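Here's the structure, in structure tokens; my notes come after.
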Amino acid sequence: MRSWFLHPIAFYPLVAVLAVLVIATSAKPLSWPREPAAVAGERAGSAIVLTGAAFATPAPDPQQNLYVTRNFLGQPRALRIAVLPNQAAPGLNDRGVRILLEPQAAAALNGQPVTIVVTYNPLAVNAATGLAVSVQGAGPTQWIALTAPPQHAALRFEAPAQTAITAIGLRTINANHDQPEAYGLEITRISVTPHPQTAVVH
């Protein structure tokens, strides 16, 4: 007795549905680019920690490649950025890849110098030689740059106070100017810790 499953009326539509599901899954629609959106991060004491979901919707930079690594379900895991060839160090008019901050998170940093610690992995091929960060808001953008050793590490940046904060800017740096490839880093965690300024009493 032949199973109903093998009857053409049931079999071919089922095969078509399975084929559509396989194609849709292989395309990984959850990993497609998304519109930039602000994030809150997580609080760890006075620090704001950006990891995982906070990397889901960064604002891109025309001078860098941007890729959000995700698991099979499309959940963000890390942020890969790579500066394009023949780019100078970031200046006042550069924005970099920006992690936009929700108002409440930004307010916790507003008007205070901050320590930014960026944990990263070098790319297996074409690892960047440095990383610059900035706290962006109403004032001029001030980039702080550090050398990035070609190994898993955490870089500590000391950034000046900024007002009306909107984002944390990221820019990889490539010292190999004669190379035609983009050079980058995989960023896995960012913590931003404000340092309240003590008023001086005269």
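Here, each number is a calculation from the coordinates, and none is a lab measurement. All figures in this text were calculated on a predicted structure; none of them were measured in a lab. Please note: Cβ atoms are built from the backbone with ideal geometry, for glycine as well, and neighbour counts cover all protein chains shown.
Structure summary
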item: Residue-by-residue Karplus 3J(HN,Hα) for the stretch 95-106, coefficients 6.51, -1.76, 1.60, Hz, glycine and proline x; result: 9, x, 6, 10, 9, 6, 10, 5, x, 5, 5, 5
item: The stretch 100-192 - percent relative contact order, Cα under 8 Å, separation 6 or more; result: 43
item: Projected-area mean, the stretch 50-195, by convex hull of Cα positions, square nanometres; result: 8.2
item: Mean Cβ count within 10 Å, highest first, over the residues of peptides 155-161, 49-55, 92-98; result: 49-55, 92-98, 155-161
item: The stretch 149-165 - phi-based ³J(HN,Hα) in whole Hz, Karplus 6.51/-1.76/1.60, Gly and Pro as x; result: x, x, 7, 4, 7, 10, 9, 10, 10, 10, 10, x, 5, 9, 10, 6, 5
